[in-house]
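Participant: Have a look at this one.
The values are calculated or read from the model by the stated rules, or taken from the named source; none is laboratory data. Note that the coordinates shown come from a computational prediction; the quantities given were computed from them, not determined experimentally. Please note: Cβ atoms are built from the backbone with ideal geometry, for glycine as well, and neighbour counts cover all protein chains shown.
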Amino acid sequence: MNSRLIDIAQIVAVSEVNGPGKRAVIWVQGCHKRCPGCWNQDYLKFGSVWQLTAQELFQTVKQMTANFRDVEGITFSGGEPFDQAEALEDAAVLFKENNLTVMSYSGYTLEEIQQNNKVQSKLLAALDILVDGEYVKELHCDRLWRSSLNQKVHFLSDHYKSFEDLINADVREFEVVLSANETRVTGFPSADLIRRI
C-alpha cells in the first residue's frame, strides 16, 4: 500500500444510477483523454484542493456511508480513474476487503488498458465491472450506465452477471440531489433538462 495522493473532484455517498444497486461514487480530478463533448468538463484539469491517500479515501467513504451499511459497492468516475490507477487500485483493494463491489468508468477501452501498463492492469483486476470507451456525441444513446453506443459494459467478475441481459435496454437514469449549498445532478440526464435545472 503506497501513500500516493488521489485527486478527488467529488464524492456522492449514495447513488442508484452509477452502477448496480446503491453505490458510493468517487469522481477523480484529471484526465489526459479530453474527449470532445465530455460530460464532466470541470474534472479534466489535473490538480485538486481535495487530495486523499487510498486509506484516507477509504475512511472518508466509510464515514459517509455509515460504515458501508448504506451501499453495496463503489464506483470510480471522473475525470479518468485509470490516469490515477496506482492509488485507486490500493483503494479498490481496501473496499473489496470490506465486501464491497468495485466498478469504474474509463475513456480508455478494455484493450487499451490491458496494453497500456501493469499499473492500469492491476486496477482492472480489482474491478467487478468496467464501463469503457470515450463518449462520442454522434453515438449518443440512453443505455443502462452509458451515454454512447460505442461504450461497453464488461463484467469482470461473476458478481453482477445477472445484469448482462439488461445492459442494452434503453434507460435514461439520473438523480438530482438538493442541498443548502448546491444542486448536484448525476447519471445521464438530457442537455435540455440540465439547462432547466
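Participant: Count, please, the residues in the range 14-54 that happen to be part of a helix (DSSP H, G or I) and over 17 Å from S104 (Cβ atoms).
Facilitator: Of the range 14-54, the ones part of a helix (DSSP H, G or I) are 41-43, 54.
Those still in the list that are over 17 Å from S104 (Cβ atoms) too: 41-42.
Final tally of qualifying residues: 2.
Participant: Would you mind stating whether G79 is within 21 Å of V14 (Cβ to Cβ) and modelled with pLDDT under 95?
Facilitator: Taking the combined requirement at face value, the residue satisfies it.
Participant: In the range 48-82, what residues are buried (at least 20 other Cβ atoms within 10 Å of the Cβ) and out of contact with any helix residue (DSSP H, G or I) (no Cβ under 7 Å at 6 or more places or on another chain)?
Facilitator: Result: V61, V71, G73, T75, S77, E80.
Participant: Hey, can you tell me all the residues within the range 55-73 that are among the charged types (D, E, K, R), part of a loop (DSSP other than H, G, I, E, B) and farther than 17 Å from M103 by Cβ? Don't jump to the end; show me each part of the working.
Facilitator: Let us first name the residues in the range 55-73 that are among the charged types (D, E, K, R), namely 56, 62, 69-70, 72.
Imposing the further condition that a residue be part of a loop (DSSP other than H, G, I, E, B) reduces the set to 69-70, 72.
R69, the sole residue that qualifies.
Participant: Against the definition (more than 15 Å from I8 (Cβ to Cβ), out of contact with any Asp or Glu (no Cβ under 9 Å at 6 or more places or on another chain) and of a type outside the set (G, A, S)), how does V61 come out, yes or no?
Facilitator: no
Participant: Does K137 satisfy the condition of being in contact with a Pro (Cβ under 7 Å, 6 or more places away or on another chain), surrounded by fewer than 15 Cβ atoms within 10 Å (Cβ to Cβ) and either modelled with pLDDT under 95 or more than 21 Å from C31 (Cβ to Cβ) (or both)? Even if it seems obvious, please write down each step before you answer.
Facilitator: Details: in contact with a Pro (Cβ under 7 Å, 6 or more places away or on another chain): yes; surrounded by fewer than 15 Cβ atoms within 10 Å (Cβ to Cβ): yes; either modelled with pLDDT under 95 or more than 21 Å from C31 (Cβ to Cβ) (or both): yes.
Answer is yes for this residue.
Participant: Collect the residues in the range 100-138 that are part of a helix (DSSP H, G or I), closer than 14 Å to L156 by Cβ, touching a residue at least 12 places away in the same chain (Cβ under 8 Å) and of a type outside the set (A, V, I, L, M), keeping them in residue-number order.
Facilitator: Correct list: Q120, K122.
Participant: Residues of the range 82-114 being under 14 Å from the mean Cα position of the chain (by Cα), of a type outside the set (A, V, I, L, M, F, W, C) and more than 12 Å from H32 (Cβ to Cβ), which ones?
Facilitator: Result: E89, T101, S104, Y105.
Participant: Sticking with this one: Can you find a residue in the range 22-39 that is surrounded by 15 or more Cβ atoms within 10 Å (Cβ to Cβ), within 30 Å of L139 (Cα to Cα), small (G, A, S) and within 17 Å of the chain's Cα centre (by Cα)?
Facilitator: Scanning the range 22-39 turns up at least one residue that is surrounded by 15 or more Cβ atoms within 10 Å (Cβ to Cβ), within 30 Å of L139 (Cα to Cα), small (G, A, S) and within 17 Å of the chain's Cα centre (by Cα).
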